[in-house]
Number of protein chains: 2
Amino acid sequence: MKQRSTRQRRLVLDAVRARCDHPSADQIYTDVRAVDDKISRGTVYRNLNVLEQTGEILHVKLPVTDRYEVRADRHDHLICSRCHTVCDVPIPYDGAMDERAIEETGYLVFRHRLVFEGLCPDCRKKIEKADLHVE
Amino acid sequence: MKQRSTRQRRLVLDAVRARCDHPSADQIYTDVRAVDDKISRGTVYRNLNVLEQTGEILHVKLPVTDRYEVRADRHDHLICSRCHTVCDVPIPYDGAMDERAIEETGYLVFRHRLVFEGLCPDCRKKIEKADLHVE
DNA sequence: ATGGGTGCAAAGTGTTTGCAAGTAT
DNA sequence: ATACTTGCAAACACTTTGCACCCAT
């Protein structure tokens, strides 16, 4: 079972690459759909899965919705609890934590995923002004 | 809008408390159903949400399925990529990471969620023997 | 009594899949 | 030619909701 390079697959990959805001599957569908109004949801989902398998993109599991991004080094994420904007955190991936988890649990640990939750500068201002309800 | 204490709500809370393996919503439904075969799925979901709001239980977002557990201190989780068993990691919550994320990003960070991925001792053995396909 | 809670079934989400036709290799 | 891919629609899994009735306060 070898992967082929199809127009649709390239469109999906391009769409993920074109965004730097960790789009959801649905956002990618919308973007791709703007270029090719025949492509189906099933195809987009199928290709996101294939591209994740091949390591060309990263599937980021987050509260609220899953997101995708172009593969890079392992890194952590930060999501705004109010507007759900996601950004990468420029702190190096800490492999020592994995070692520690191995020692403490006896599991064979491959990796970890670290997600910070907070408020982005914009929402922070809005909250301070309006004392709105969050989370 | 003040919460009431109903039989169904207590059953749901008891079911979460009775388990120490991070049950999914459906597992809780099954457990509660064993005690009261009239309770509906909607009620279980509604109560899980209420109990999460009030802080009586914790909603843990994980790859594959969401899980619930009785609230405790903030702590990290470890999930087996093969059998999806979840366990708590006895490493103290590292607040310093939140500080660092604040410095690096300008977000107001409340907390983080840290999930390790690996193989539990059981699956590890099985994999080593059979060289099965994982992830 | 009154407003939150319940059971039920229907409706939502978000994602996967069976199928026949299409296409990259 | 072969078998991976596609579009479509139906199917899924999981969760939420509208409604009329019920019950904790």
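From the set of residues in the stretch B:20-55 that are at pLDDT below 90 and surrounded by 16 or more Cβ atoms within 10 Å (Cβ to Cβ), which is farthest from B:V89 (Cα to Cα)?
B:S24
For residues that are of a type outside the set (A, V, I, L, M) and in a loop (DSSP other than H, G, I, E, B), tally how many sit in the stretch B:1-43.
Within the stretch B:1-43, residues that are of a type outside the set (A, V, I, L, M) and in a loop (DSSP other than H, G, I, E, B) number 15.
When you go through (1) surrounded by fewer than 18 Cβ atoms within 10 Å (Cβ to Cβ); (2) over 19 Å from B:V60 (Cβ atoms); (3) acidic (D, E); (4) more than 14 Å from DNA strand D (Cβ to nearest atom) one by one for A:E104, which number turns out not to apply?
Tallying (1) surrounded by fewer than 18 Cβ atoms within 10 Å (Cβ to Cβ); (2) over 19 Å from B:V60 (Cβ atoms); (3) acidic (D, E); (4) more than 14 Å from DNA strand D (Cβ to nearest atom), A:E104 fails exactly one: (2).
For the stretch B:5-14, indicate whether the set of residues that are modelled with pLDDT under 90, of a type outside the set (K, R) and touching a helix residue (DSSP H, G or I) at 6+ places or on another chain (Cβ under 6 Å) is non-empty.
No.
If you go through the stretch A:44-85 one residue at a time, how many are touching a His at 6+ places or on another chain (Cβ under 8 Å) and part of a helix (DSSP H, G or I)?
Within the stretch A:44-85, residues that are touching a His at 6+ places or on another chain (Cβ under 8 Å) and part of a helix (DSSP H, G or I) number 2.
All but one of (1) in contact with an Asp or Glu (Cβ under 9 Å, 6 or more places away or on another chain); (2) near DNA strand D (Cβ under 10 Å from one of its atoms); (3) not basic (K, R) hold for A:V16; which doesn't?
Evaluating A:V16 over (1) in contact with an Asp or Glu (Cβ under 9 Å, 6 or more places away or on another chain); (2) near DNA strand D (Cβ under 10 Å from one of its atoms); (3) not basic (K, R) leaves (2) as the failure.
With respect to A:V50, determine if the residue is touching a residue at least 12 places away in the same chain (Cβ under 8 Å) and within 12 Å of DNA strand D (Cβ to nearest atom).
yes
Do you know which residues across the stretch B:93-126 are small (G, A, S), closer than 12 Å to A:L78 by Cα and out of contact with any Pro (no Cβ under 7 Å at 6 or more places or on another chain)?
Across the stretch B:93-126, the qualifying residue is only B:A101.
When the stretch B:67-84 is examined, which residues are found to be crowded, with 17+ Cβ neighbours inside 10 Å and under 16 Å from B:L119 (Cβ atoms)?
Within the stretch B:67-84, B:H77, B:L78, B:I79, B:C80, B:S81, B:R82 meet the criteria.
Taking the condition farther than 17 Å from B:R74 by Cβ and under 25 Å from the mean Cα position of the chain (by Cα), does A:D76 pass?
no
For residues that are under 10 Å from the mean Cα position of the chain (by Cα), within 14 Å of another protein chain (Cβ to nearest Cβ) and more than 10 Å from DNA strand C (Cβ to nearest atom), scanning just the stretch A:23-66, find the one that is nearest to B:L114 (Cα to Cα).
A:L62
The values are calculated or read from the model by the stated rules, or taken from the named source; none is laboratory data. Treat the numbers as computed from the prediction; the structure is a model and nothing was measured. Every residue, glycine among them, receives a Cβ derived from its backbone with ideal geometry; neighbour counts consider all protein chains shown.
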